[in-house]
Amino acid sequence: MAVGWARDGAVQDQIDASVQDAVKLARSRLPHGESLTHCKECGNIIPDARRKAIPGVWLCVECQAELEAQQTTSAGYNRRGSKDSQLK
Ligand SMILES: [Zn+2]
């Protein structure tokens, strides 16, 4: 699925802006935060501790990490994990 990092980078600014807008919108709609019991992405249960730690959370740990990894990768490069695995 490595279709083109250049294109991903090109839309990063729009993604950042969209995320910020989404956060503002979510906060205006949910002033107290509303955490989901199940991941919006994969449907896995989101642990109580995570929901309390992150008000308004709607992704499980795995999906959140994946999302952040995608954002990190498109912003620059994050190949440290791959290199580490190659050392074995
Ligand atoms: Zn998930």
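Computed from the coordinates by the stated procedures, all read-outs in this text should not be read as laboratory data. Because the structure is predicted, anything quoted here is derived from the model rather than measured. Note that each Cβ is placed from the backbone with ideal geometry, even for glycine, and that neighbours are counted across all protein chains shown.
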Checklist entry - Which of the peptides 59-65, 14-20, 40-46 is most tightly packed, and how do the rest follow, judged by the mean count of other Cβ atoms within 10 Å per residue? => result 59-65, 40-46, 14-20
Next on the checklist: Could you give the length gained by full extension between residue 48 and residue 20, i.e. 0.36 nm per residue of separation minus their alpha carbon distance, to one decimal place?
Outcome noted: 7.5 nm
